[in-house]
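A quick write-up on the structure given underneath.
The values are calculated or read from the model by the stated rules, or taken from the named source; none is laboratory data. On a predicted model such as this, the values are computed, not experimentally measured, just so you know. Cβ placement follows ideal geometry from the backbone for every residue including glycine, while neighbour counts extend to all protein chains displayed. Surface accessibility is based on the protein's heavy atoms, side chains included, excluding ligands, DNA and RNA. Shrake-Rupley method; radii C 1.70, N 1.55, O 1.52, S 1.80 Å.
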Amino acid sequence: MANEHNTVLYVGCTSDLIIRVHQHKTKAFPKSFTAKYNCNKLVYFESFHTIEEAIGREKELKNWKRIQKENLINATNPGWRDLFAELL
């Protein structure tokens, strides 16, 4: 997730991406990081067969430097457009 100006990035995992992105967009949890920093744009996602794989990848990405995350996003979404509508 990113904010409007792509200055803040958030990495997380979920078992239901549509519901989770909707929660971020509506600030369902007003004290959360994504609500505080207005991260409401889905700019990148990956799918996994198990939650264990997803958690492992989340931990890996959280240890990456920002430039590595930007390169990952740019490889598939160079315009950093919101991908949420494509999920529906």
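Are there any pairs, at least 6 apart or on different chains, whose C-beta atoms fall under 8 Å, with the first in segment 17-32 and touching a residue at least 60 places away in the same chain (Cβ under 8 Å) and the second of a type in the set (Phe, Trp, Tyr) and assigned to a loop (DSSP other than H, G, I, E, B), and if so, which? That search, which allows pairs on different chains as well, returns Leu17/Phe45. Taken over segment 12-26, the criterion of being aliphatic (A, V, I, L, M) and touching a Phe, Trp or Tyr at 6+ places or on another chain (Cβ under 9 Å) is satisfied by Leu17, Ile18, Val21. Within segment 1-35, the set of residues being in a helix (DSSP H, G or I), surrounded by fewer than 12 Cβ atoms within 10 Å (Cβ to Cβ) and among the basic types (Lys, Arg) is empty.
Looking across segment 61-88, just one residue is modelled with pLDDT under 95 and either outside any helix (DSSP H, G or I) or surrounded by 13 or more Cβ atoms within 10 Å (Cβ to Cβ) (or both), and that is Leu88.
Just one residue in the set Glu46, Glu52 is open to solvent by less than 80 Å² (accessible area, probe 1.4 Å) and either farther than 18 Å from Ser15 by Cα or not hydroxyl-bearing (Ser, Thr, Tyr) (or both); that residue is Glu46.
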